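What follows is a set of notes on a single structure, which appears directly below.
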Amino acid sequence: MPTPTPTSTPTPSSTPTPTPSPTPTPTLTPTPTHMPPLENVTIHFIDVGQGDSIFVDTPTLDMLIDGGPREAGETVVRYLRTLNVTRIDFVVATHPHDDHIGGLITVLTKYNITQTPVVVDSGFETTTKTYQDYVTLARQRTVMYAVRGQSFVLDVNVNVAVLNPARPLEFDDANANDNSIVLKMQVCNVTFLFTGDSEAPSEASILTAGFNLSSTILKVGHHGSRTSTSSAYLGAIEPEVAVISVGEGNQYGHPHQETLDRLAAKGVTIYRTDLDGTLEITTDGANYCVKTEKIRPTPTPTPTPTITPAPSPSLTPTPTPTPTPTPTPPVSPTPSPTPSPSPTPTPTPAPTFADYTPYLIATVVIAVVIAVSLVVRRKKEREGL
């Protein structure tokens, strides 16, 4: 591949300590009027868990932005080799946190000096072992320190501008996130904003600098934390698509609901590496398409619960015992005398025990009812005493 040709860059240094240089005057990014490139440009948002790793693949020069945490280094290298990547022209370390530079240690080990010739660093130093291991490998290459207003040409129609950090670094030693390298890449009429872990203070600084932030695709800052993607910043970007690089079930609760709500309120389509896996966004400079590694299950709509009013309580009356009615004994009809020559009366048969059974049952029932009534009455009289 051709030798990298960054433009407006400070003099490379072999040490991690940046040499302060005057900040170039930012210029608004012009709206491109040229024809789209003949070949596609693909941006790979690699799923590295809780961290960032983005590979920009152009027809000419390529760029890797961060490498995820240290344990994801092999994942990044394996992914790059599936793309047949043999050379990475620019390796960008947005800031020295482990979840961004840890995986770069493996990348810079597996890809030798000629395969990864240039490292672009924020110039923010730390004392962690991860940073020391990274910077030892970076020193073996050409180290460039990103500065606001700097730009890189990756292809005839692919330009990358540095929006952050300013020089000297604006933010103190405790704020590596706000010293993150923020890049805007323009592929003709399709634009990408890569924000590292930039938070509200550096977002405000970028807004004040007067850059044209309008971008088609936004890599959401700091894994979707509520401390990034302020309303003013989002309003200036007006993205169509947002990508959140985040680990499933991470301890920070990323992405925060406030950020998701701000994006949703703007009608932005949201992709997440924890839900969608690795994403590929391919563009010809006029249109773009998004390909996800995973297919999200279609959510089942939750029915709206119907609130049933509680019935008013009503007093249940105490049932009054109903006496069993006394059955009326059947009356046997008196047989009509049969006319005969001699009027002999028919004798009446003597009554049997069965004839008196109904009377006995009725008498017993009445007696029971009376006895129960007396008992109830006496009980009430005693309670009254």
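The values are calculated or read from the model by the stated rules, or taken from the named source; none is laboratory data. Remember, it's a predicted structure, so these values are computed and weren't measured experimentally. Methodologically, a virtual Cβ is constructed for each residue, glycine included, from the backbone with ideal geometry; neighbour enumeration extends over all protein chains shown. For accessibility, only protein heavy atoms count, side chains too; no ligands or nucleic acids. Shrake-Rupley method; radii C 1.70, N 1.55, O 1.52, S 1.80 Å.
Residues in the range 201-229 that are over 24 Å from H97 (Cα atoms) and of a type outside the set (V, I, T): 8 in all.
When the range 128-146 is examined, which residues are found to be within 33 Å of the chain's Cα centre (by Cα), among the β-branched types (V, I, T) and more than 13 Å from A93 (Cα to Cα)? Matches in the range 128-146: T128 only.
Of all residues in the range 247-272, those satisfying the criterion of being outside any strand (DSSP E or B), touching a strand residue (DSSP E or B) at 6+ places or on another chain (Cβ under 6 Å) and closer than 27 Å to P69 by Cα are P255, L263. Within the range 167-182, the set of residues being in contact with a Gly (Cβ under 9 Å, 6 or more places away or on another chain), part of a loop (DSSP other than H, G, I, E, B) and either under 16 Å from H100 (Cβ atoms) or among the small types (G, A, S) (or both) comprises S180, I181.
Rundown of residues vs (1) crowded, with 22+ Cβ neighbours inside 10 Å; (2) touching a helix residue (DSSP H, G or I) at 6+ places or on another chain (Cβ under 8 Å), yes/no style:
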position: R139; (1), (2): no, no
position: Y145; (1), (2): yes, no
position: A166; (1), (2): no, yes
position: F171; (1), (2): no, yes
position: N177; (1), (2): yes, yes
position: V182; (1), (2): yes, yes
position: Q186; (1), (2): yes, no
position: N189; (1), (2): no, no
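Checked against (1) more than 29 Å from the chain's Cα centre (by Cα); (2) under 25 Å from C289 (Cβ atoms), M185 passes all but condition (1).
If the condition is being of a type in the set (D, E, K, R) and free of Cβ contacts under 8 Å to residues at least 24 places away in the same chain, then the range 136-172 contributes only D172.
Pairs linking a residue in the range 224-248 that is touching a residue at least 60 places away in the same chain (Cβ under 8 Å) to a residue that is open to solvent by 10 Å² or more (accessible area, probe 1.4 Å) and of a type in the set (G, A, S), with Cβ atoms under 6 Å and 6 or more positions apart or on different chains, are G247/G49. Within the range 192-216, being open to solvent by 40 Å² or more (accessible area, probe 1.4 Å) and more than 25 Å from the chain's Cα centre (by Cα) holds for A204, L207, T208, N212.
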